[in-house]
Structures are given as C-alpha cells and as structure tokens.
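These notes are about the structure you will find just below.
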Amino acid sequence: MISVEGLRVEFAVKPLFANANFVVNDKDRIALVGKNGAGKSTLLKILCGLQQPTAGEVNVPNGTIIGYLPQVMKLQDDTTVRQETQKAFAHIANLKARVDELERQMKERTDYESEDYMDLVDRYTTEHDHYLMMGAESLEAELERTLAGLGFTREDLERPTKEFSGGWRMRIELAKILLLKPDVLLLDEPTNHLDIESIQWLEQFLSQSAKAVVLVSHDRAFINNVSNRTLEISCGQIIDYKVKYDEYVVLRKERREQQLRAYENQQKEVAEMKDFIERFRYKATKAVQVQQKVKQLEKIVPIEVDEVDNSAMHLKFPPCLRSGDYPVICEDVKKAYNHVVFDHVNLTIKRGEKVAFVGKNGEGKSTLVKCIMNEIPFEGHLKVGHNVQIGYFAQNQAQLLDESLTVFQTIDNVAKGEIRLKINDILGAFMFGGEESDKKVKVLSGGERSRLAMIRLLLEPVNMLILDEPTNHLDMASKDVLKEAIKAFDGTAIIVSHDREFLDGLVTKVYEFGGGKVREHLGGIYDFLRTKNISELKELENSQAGNKTFPGREQNIPSVGTNAQPVAKNQSYAEHKEQQKQLRKAEKAVEQSERKINDMERRLKELDELLMKPENASNMELVTEYTTTKKALDEEVERWEKLSEELEQLSI
C-alpha cells in the first residue's frame, strides 16, 4: 500500500535516519519503536504527506485513504459529539448529494429513449450502487457503536464538544478516523487518553477490522497485542523485524550482543593498528607498512551500537520511618456533587501492599485519592494510619516546581547520599540526558515537567506512594525504571493507572470503581480482567429487561426533586404551606450550589488543559486563577453539604 525507498531525514548535521527502505502491506500491524527523538512521529507525518523528507520517495497508490491521529491536534468547539463525529462521513454525504441530484434530473426529464438519458441512468446506477456498498444505510449505528466502544454514553452524543476535556475530545478524533475506514491507519500514541476497557476495544478493532496499521505507543501490552511486525529507528537506520513486539525485544537483544562483539573486535583491531603506527612511525624500513596501516585506518567505518537500555538501571527509594500496620482505612466513605460519585466505600490497605485503582474515566478514582490526601470534603470515616508519610504524584504536581532552577538543580536539591553520583544516569533514564539537563524548568512542556516531578518523588523519603496516572508521559525505558523502583519499595503504594503492562507483576490487589461503588479484587491486574469478563456477562444477562445504556461513565443520579408532601393530620394548612415554601427555597439553593460546583469544576478542567501546554507553563495568571477557583470550589462544596443536610431535614 505504501512503498518507501531511500528515505532520508535530517534537521541538523546528523540525520535522524538515512537510506530507509520498507513497504507497508495490507494486514500489516506495524509497531514503530525507538527512543524519544529518534524520529517516530516525523516518519508518520512523512507517510501521510504532512512533511517532506530530505531525500527519497514515499509512493502511495491513487485512491489509497490514509487516516492519521497525531499526538496533539486542533479541535473544534462549535458542534456536538455526534455532529463532530459525523464529519467522518463527509465523503459519503457528498456521494449522497450526487445520487439525489441524478435522481432529481431523471424525474424532471421525459426523453426516456434518448442516449443522453440512458447515460444519466447508468451514472445514477453506478453512484447509487457505490453509495450502498459503502454501508451508508447503517452509518449512524456504526457511529454509535464506535463512540460507545471509546467510552461515550448515549447522552454524551448530544453534548457540545467544548464540555469535554482534551482526552475525551481526542477520542472523538480517533472515532472519526476509525469510521473513515482508511486503507492505512497511522496512530501516534492513541492510548494516552483511553481507559483499560477502551484500550481493549481498540485492540480488538485494530486486530479484526483495520486494513493496515502503523502505530507508535509506549503501552507495551497494547502494541504487543496488536502488532505482527516491528520497525525500529536506531542509530540513524530503520530496521525491519517481521515479528510482533515481544519477539522483537528478544531479537533486538541478540542483535545488540552481536553489535557489541563486532564493536569490541573493531576497537581491538583499531588499537593494534594505532600501536603499530606509533611504534614504527619513524623507522624507514617500515614506512610502506605504516602508510598501509594509516590508509586501512581511514577506511574503517565505525560500528555503532544501539543505545544502552537504561531500564537495567536500578533505583531505590531512600529509607524512611516504618508506618503503622494499616496506612489507609475507609469506612462507609461517600462523595457526591450533583450526583453520587461513590458511596459505602469500605477498604483497608495494609502496610507494604501495592494496590491499583482502576475503572472508566470519571468513576471516582482520583476523587478517592483526593479524599485520602484530605484535599476535598467527604462523608464517612477515612483514617490515614500512624506515622504515614505520603509521596503524592498527580498532574498538578508539575506546576509546583521552581521555575528558576535547571532540571539538574531540581534533582540535585533533593538527592542525598550515594544517589547524587547517579543523577545524570537517572535524568537520562527519564529522557533528560545530555544538554536537556541544563534546561530551565520554565521552558519545559507540561509533559516534561510531569517527568521531572516524578524523578523528584523517586528521591524523597516516604513510606506510602500515591501515583495518579504516573506513566502518561514516560517512554518504555522510563516506565521500567519506575516500575522496578516501586517493586523494590518496601512501603505501601496506591497506583491509579490504565497501563496493564505497568501494573502487571506490580500490584497484588485491584479496586474497581464503577456505578458509584468500589469493589475489591484479590490478585494481579490480569486476574482482575479475567474475572471482570465473567462478571460482565452475568451483569448483561441480569439486565436484559432493564434500561439499556451505552457503556461508559456512570449515569448521573438526580438530586432531590420537588415531590409534594402530604399534609400531616396534626398540621394546619398554613403550616404545611410554609413548610412547602421552605422546602422549595432549600431545593433552589441546592440546585444553584450544584450549578456553581459544575461551573467551577469545568473551569478547573479547562485550566488543567491550558497549564499542560508549554507556552502556558509559567503563566502566573492561570496558576493564580487555578488556585483561587480550587479554593472557591472547596468552600462551595462545604456549603452544598450544609444545604443538602437542611434539605434532607425539611423533606422528612
């Protein structure tokens, strides 16, 4: 489908890659791999024609449809989810318009026997058959199935896209590309904003329905389940492995060992030549042989060895005081805004346990973490154990870094003891190698700040870790470093993540968030997924007669409504009327408070999105607005709780 010949790309003196030759065939599932900065995203842009190579050719047959999902894209704000997704069918809409126009012309004409009319009939028949072949009659059903698979509810389809976070809007763009049914799909980090269920749905779609796929992803389980071929960009070359990702890892290790042996032999040969030249440089009897050695030395092409895998490096958290036996105990914990996020949460986390919080986006994982951190009010009893020192990582941690320091200084200030000797190695493992370590924090992007905040956390003495989506901005090598550090950590860890490969072998207990409940599952992440598939089938059978909703986020539970209260026997009409007046007043106050909370939460999401952009990372106006809005939100939530209690008393 796509043929690449002699491809060369260079931005500086040294090219990203040169003399690349490969073909993308039908049914290929290609994982494009390489270290950060190797040129993976650049290659995808070249394949879809958005960027031109320095040299070489990319040949795409006429009529080939290419669908490209970049890491970052411009999103529209003036449509609903359904309307935006329907843009994927623009070519079909144009075809329908042509069919309708031909049909109109046929109805208006009466020269049925003329040659011109017969040509019109032939054109109509061809276009109409083409229209039907494209499955135009079932487009809406396919649109709804695709959006459901990516986590949207039926109610979401009529909501404006501007109400959704950047992650959810990226899902809309992914849906549009999948519905386009391209001949070649080019996907750059498609799983960054997907939960586990949506990732599994996408895996199944790519494996069963897609034609050809080239994808970049740091989700090892995802690319291994999808891929049947691996292209690696390394040392300025593109190496083609005709195997899926896991098998490529084994072959790459063998290849690197061969490179090392060849490199060592070459270095030994070079050293012997240089030694001979130095020893006999000034002996006339050896002049001819010396010149031969010099010429041989000049002709030697240095053997390059693939970059060292930093995932072999081990980090250990610094020692910390021992915590109590039960760092976290929840008893009937409840959190609600205008709907119940979760209720009757009862869990006990023991010292040394490593547990995962999983579930669809919006089900309350991060909310419970904020309750544990005492950042938001809640109902019920939640106890943080004796002597617990928490290391907390969330996206907003990146905003708390000192912008006047360099990357190196930021880590040097918290590193203690022998670990100070390894600062450069640690920074390299998290993509801050070389000159990157001299950058000021103020010029870093949101993702780079998140990685830097993660390194700081690794070096702080804590006995309990709470990590909210820690792998979002890490490549595979960095994730391996972090995973090994948490494995070796002798404290307690709570990890909120959609990354199955990262959680595999790391956690021994899974808490599933969904439908306002938190359910405990013993075992690892894959044990949980196997159990969940069985329980989902039972739930499906049990809910056959119930209301059908799209899989996705929980349905909102309505707040207390204005139900007319019966007049008590011992209550006068005037008293009842006054009570109803007070009840309506209380209900109105609760509704107004809920609207304020929703508005502030929506604004905080918008500010989060803005602050993650590099150009806004040091915008103090946005930071100040974020802090002020969060404080106002906390105060309004407390006010809402009091108003709700008053309303509940009046409703009795």
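The values are calculated or read from the model by the stated rules, or taken from the named source; none is laboratory data. The structure presented is a predicted model; accordingly, all values stated were derived computationally and were not measured. Cβ atoms come from the backbone with ideal geometry, glycine included; neighbour counts cover every protein chain shown. Protein only, heavy atoms only, side chains kept; ligands, DNA and RNA dropped before computing areas. Shrake-Rupley method; radii C 1.70, N 1.55, O 1.52, S 1.80 Å.
Quick look at the values:
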{"quantity": "Inter-probe distance in nm under a simple model that places probes 7 Å from Cα toward Cβ, at residue 522 and residue 106", "calculated": "6.9 nm"}
{"quantity": "Extension gain, residue 322 back to residue 5 (0.36 nm per residue minus Cα-Cα distance, nm)", "calculated": "108.1 nm"}
{"quantity": "Inter-label distance, nm, simple model (7 Å from Cα along the C-beta direction), residue 246/residue 144", "calculated": "3.8 nm"}
{"quantity": "Mean accessible surface per residue for the chain, computed with a 1.4 Å probe while every protein chain stays in place, in Å²", "calculated": "52 Å²"}
{"quantity": "Sparse-neighbourhood loop sites, trypsin sites (Lys or Arg not before Pro) in segment 1-59 - DSSP loop, at most 15 other Cβ within 10 angstrom", "calculated": "27"}
{"quantity": "Helix-derived mean residue ellipticity, 222 nm - over the chain, DSSP H n ≥ 4, -39500 (n - 2.57), to 500", "calculated": "-14500 deg cm²/dmol"}
{"quantity": "Net +/- balance of residues flanking residue 295 in space, Cβ distance below 15 Å, scoring K and R +1, D and E -1", "calculated": "+3"}
{"quantity": "R0 of 41 Å, Cβ-Cβ distance residue 374-residue 209: FRET efficiency to nearest 0.05", "calculated": "0.30"}
{"quantity": "Net +/- balance of residues flanking residue 451 in space, Cβ distance below 13 Å, scoring K and R +1, D and E -1", "calculated": "0"}
{"quantity": "Qualifying chymotrypsin sites (Phe, Trp or Tyr not before Pro) in segment 15-114, DSSP loop, other Cβ atoms within 10 Å at most 16", "calculated": "112"}
{"quantity": "From the coordinates shown, volume of the Cα convex hull per residue in Å³ corresponds to which of (i) 289; (ii) 235; (iii) 201", "calculated": "(ii)"}
{"quantity": "Probe 1.4 Å, all protein chains present, accessible-area order of 195, 402, 412, largest first", "calculated": "402, 412, 195"}
{"quantity": "Solvent-accessible surface ranking, highest first, for 274, 370 at 1.4 angstrom", "calculated": "274, 370"}
{"quantity": "Net charge contributed by nearby residues that have their C-beta within less than 12 Å of residue 272 (K/R +1, D/E -1)", "calculated": "+1"}
{"quantity": "Surface accessible to a 1.4 Å probe, residue 627 within the full protein complex, Å²", "calculated": "90 Å²"}
{"quantity": "Estimated FRET transfer efficiency (residue 627, residue 332; beta-carbon r; R0 25 Å; 0.05)", "calculated": "0.20"}
{"quantity": "Virtual spin-label span in nm between residue 71 and residue 386, 7 Å along Cα→Cβ", "calculated": "4.8 nm"}
